[in-house]
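The next block holds one structure in the form of structure tokens; read it before the comments.
The values are calculated or read from the model by the stated rules, or taken from the named source; none is laboratory data. Remember, predicted model here, so these are calculated numbers, not experimental data. Methodologically, a virtual Cβ is constructed for each residue, glycine included, from the backbone with ideal geometry; neighbour enumeration extends over all protein chains shown. The protein model used for the area step is the full one, side chains on, heavy atoms only, and it has no ligands, DNA or RNA in it. Shrake-Rupley method; radii C 1.70, N 1.55, O 1.52, S 1.80 Å.
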Amino acid sequence: MVTAASKSRREADHARSLKNNGLDAALLNKAVGSLIKYHEKSSAGEGKKDQLLGTDKHVQVQIGLNKVPQRTSPKPIRVEIPHPLQKVVKIADAPDDYDDASDDDNLEEAEVCIIVKEESKPWVKDLIDKFPNELGCVKKVLGLQSLRNKHKRYEQRRVLLDRYDIFMCDDRILPMVGKAIGKNFFEAKKQPVPLKLTRNEALPFAVQRCLRATYMYISAGTCINIRAGNTGMPVKSLNENIQAIVASAVDKIPSKWA
């Protein structure tokens, strides 16, 4: 359920992003509308088999840089968006600035793998059992040592990469996890999102907060691609996500606007 207070907060944030992101709202709306119409037209001619498998495509915001960043980082950078890309749930006793569950009931639940210290596995699994609504999306709790021992080979890492939609990780072991997962995770932009696990009871909120966002990566190139949604989303939702991404991402990019 989305409360009136959360709607008002979202509308206020959206108004601020419109004012500060430098985009022409009317032109953006026209461009997104044209993109959706083109997708619908091109997918209409596909066979029934393809349609059953789904024809929605990812929509990304591409930001061009004047020069290659001097400092790159493979660490996912959180970008807030008003309309999540996967199913999220309402968190009981969440902070006042936390938004309610998604207003789109058609979103699919992401399958999440959390990588933690070996000694953290028991209490993380206990919390999953205790909070099935908030943590039911966590399908695998993988210890760092298990990652190193059971996923040494390329084929084993590839299977792990394909099995889960999102990977999260205790931020205290993030550098070690980065070395253990291999380059395929980075090429697929599925490197683990860091979580603060110093407060056990905060895990449900931390996981849902990660699911509410999209992420950007600053690499050794002049283009940054950030997922804004898919062609199955309403044009209005895509517009608001794109505007929020531009407003938030630019502040996280070296030199910001040229």
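Within the range 193-201, is there a residue that is crowded, with 20+ Cβ neighbours inside 10 Å, of a type outside the set (Val, Ile, Thr) and at pLDDT 95 or above? No - not one qualifying residue is present in the range 193-201.
For the range 240-248, the count of residues that are closer than 29 Å to residue 173 by Cα and out of contact with any strand residue (DSSP E or B) (no Cβ under 9 Å at 6 or more places or on another chain) is zero.
The one condition from (1) modelled with pLDDT of 90 or more; (2) over 13 Å from the mean Cα position of the chain (by Cα); (3) open to solvent by less than 40 Å² (accessible area, probe 1.4 Å) that residue 249 does not meet is (1). The criterion of being modelled with pLDDT under 55, polar (S, T, N, Q) and either touching a Ser or Thr at 6+ places or on another chain (Cβ under 6 Å) or surrounded by fewer than 16 Cβ atoms within 10 Å (Cβ to Cβ) (or both) holds for residue 51. Being open to solvent by 20 Å² or more (accessible area, probe 1.4 Å), out of contact with any strand residue (DSSP E or B) (no Cβ under 6 Å at 6 or more places or on another chain) and at positive phi is a property that holds for residue 256.
Those helices (runs of 4 or more DSSP H) of the range 140-184 in which 1 or more residues are touching a helix residue (DSSP H, G or I) at 6+ places or on another chain (Cβ under 8 Å), over 18 Å from residue 195 (Cα atoms) and open to solvent by 20 Å² or more (accessible area, probe 1.4 Å) occupy 144-150, 154-163. The single condition from (1) over 15 Å from the mean Cα position of the chain (by Cα); (2) assigned to a helix (DSSP H, G or I) that residue 197 fails is (2).
Scan the range 208-220 and give yes if some residue there is more than 17 Å from the chain's Cα centre (by Cα) and either in contact (Cβ under 8 Å) with a residue 12 or more places away in the chain or open to solvent by less than 30 Å² (accessible area, probe 1.4 Å) (or both), otherwise no. The answer is yes, given that some residue of the range 208-220 is more than 17 Å from the chain's Cα centre (by Cα) and either in contact (Cβ under 8 Å) with a residue 12 or more places away in the chain or open to solvent by less than 30 Å² (accessible area, probe 1.4 Å) (or both).
Considering every residue within the range 218-234, establish whether at least one is part of a helix (DSSP H, G or I) and either over 30 Å from residue 43 (Cβ atoms) or not β-branched (Val, Ile, Thr) (or both).
No, the conditions are met nowhere in the range 218-234.
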